[in-house]
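Participant: Here it is, the structure in full.
The values are calculated or read from the model by the stated rules, or taken from the named source; none is laboratory data. This structure is a prediction, so every number in the text was calculated from the model and none was measured. Quick reminder, even Gly has a Cβ in these numbers, built from the backbone with ideal geometry, and neighbours come from all protein chains shown. Accessible surface is based on the protein model in full, side chains and every heavy atom, while ligands, DNA and RNA are left aside. Shrake-Rupley method; radii C 1.70, N 1.55, O 1.52, S 1.80 Å.
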Amino acid sequence: MQVGWMSSGFYRTCEWIWKLAYVNLLWLGFTLVGLVLFGFLPATVAMLTIMRKWLQSEDVPIFKTFVITYKNEFLKINALGVVFAVGAYILYFNYMYLGTVTGLTHTVVALGWYVALFVYSITLLFVIPAYVHLELKLFQYIKTALIVALVNPLSVITLFISFFLLFNLFHNVPGLIPFFGPSLIGFVIMWCGHMSFNRIDRKQQKLKET
């Protein structure tokens with residue numbers, strides 16, 4: 001009985017390793033197909049869409065699902081990417097401005113910049129899980145991602161701890177990065193996002209029942 005359980009566990013582990021490596025390869029390939037700049041976000045959405053299905057215990061054809069999602073979401077997710085690129089430019093511009101002021105003005109602007117950087121970062125981390133989980137208008141994804149991150153501080157903390165652990169793993173074993181880098185990072189993001197949205201869904205369901 002114990003041998004069978006160990007065999008089953010070993011098989012599931014190998015299956016997960018294979019799936020993560022395969023979807024990582026697809027992510028790399030389709031990112032290059034989009035000339036990196038335009039392929040990065042559609043490939044990421046396709047990868048996280050598949051991972052969301054895995055977290056829901058759904059068995060999906062990986063290649064077919066990846067290609068269909070990549071094509072369908074190419075324009076919309078890149079438009080969302082432009083919005084975040086503008087936000088990043090504004091943050092950079094304000095960072096450069098910090099070097100030109102001193103005294104109280106510098107302190108106030110610096111405080112505002114760090115708050116804006118934090119808000120931008122957590123929104124960026126949760127926006128693709130929101131995009132994968134929900135059907136919304138373009139700018140609603142940004143608001144939703146921010147709200148979900150703010151009402152789920154445990155998920156945000158878990159995400160940053162996971163990033164720290166992955167950074168140490170890749171630092172110590174850099175050979176893993178080409179095979180599992182994007183897929184492991186993506187899985188951690190999707191897992192935390194999935195937990196957050198499920199928690200909100202359960203709360204909404206309880207409110208409806210009362």
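Participant: Please list CYS14, CYS192 from largest to smallest accessible area, probe radius 1.4 Å, with all protein chains kept in place. Walk me through the numbers on the way to the answer.
Facilitator: Numbers: CYS14 55, CYS192 0 Å².
Highest to lowest solvent-accessible surface, that is CYS14, CYS192.
Participant: For region 137-193, what mean projected area does the convex hull of the alpha carbons give, in nm²? Provide the component values of the computation, followed by the final result.
Facilitator: Working: hull surface 17.9 nm².
The orientation-averaged projected area of the Cα hull of region 137-193 comes to 4.5 nm².
Participant: Roughly speaking, what is the stretch gain from THR102 to LEU117, that is 0.36 nm per residue apart minus the C-alpha to C-alpha distance, in nm to one decimal?
Facilitator: Contour length minus the Cα-Cα distance gives 3.4 nm.
Participant: Moving to a separate point now. List the lysines whose Cα sits under 28 Å from the Cα of LYS137, skipping any in the same chain fewer than 8 residues away.
Facilitator: Result set, ordered by chain and number: LYS53, LYS64, LYS71, LYS76, LYS203, LYS206, LYS208.
Participant: Please sort by residue number the GluC sites (Glu not before Pro) in region 11-102 whose DSSP state is loop and whose Cβ has at most 11 other Cβ atoms within 10 Å.
Facilitator: Of the GluC sites (Glu not before Pro), the ones in loops of region 11-102 whose Cβ has at most 11 other Cβ atoms within 10 Å are GLU58.
Participant: Next up: If the cut-off is 16 Å between C-alpha atoms, which aspartates and glutamates fall inside it for LYS143, apart from same-chain ones fewer than 8 positions away?
Facilitator: GLU135
Participant: In vacuo Debye scattering of region 62-121, one point per C-alpha: log10 I(q)/I(0) at q = 0.19 Å⁻¹?
Facilitator: Here log10 of I(q) over I(0) equals -0.74.
Participant: Okay, next question. Can you list the HN-Hα couplings for region 122-132, worked out from phi with the Karplus curve (6.51, -1.76, 1.60; θ = phi - 60°), rounded to whole Hz and with x for Gly and Pro?
Facilitator: Ordered by residue, 3J(HN,Hα) equals 5, 5, 4, 5, 9, 6, 6, x, 5, 5, 6 Hz.
Participant: Specify, per residue and in Å³, the volume enclosed by the convex hull of the alpha carbon atoms belonging to region 92-147.
Facilitator: Value for region 92-147: 74 Å³ per residue.
Participant: Using a basic spin-label model with each label point 7 Å from the Cα along Cα→Cβ, how many nm lie between LYS206 and VAL86?
Facilitator: Distance between the two pseudo-spin positions: 3.9 nm.
Participant: Now for a different question. Give me the log10 of I(q) over I(0) for region 10-90 at q = 0.16, 0.17, 0.18, 0.21 Å⁻¹, as the Debye formula computes it from C-alpha points; what are the numbers?
Facilitator: So the normalised log intensities are -0.62, -0.68, -0.75, -0.92.
Participant: Further, regarding this structure: Which stretch or stretches of region 68-97 have amide N atoms under 16 Å from the point lying 7 Å from PHE139's Cα along the Cα→Cβ direction?
Facilitator: Only 79-87 pass the distance filter.
Participant: At q = 0.10, 0.17, 0.21, 0.23 Å⁻¹, what is the base-10 log of I(q)/I(0) for region 111-210 according to the Debye formula with one equal point scatterer per Cα and no solvent? Please give it to two decimals.
Facilitator: At q = 0.10, 0.17, 0.21, 0.23 Å⁻¹ the computed log10 ratios are -0.33, -0.83, -1.09, -1.19.
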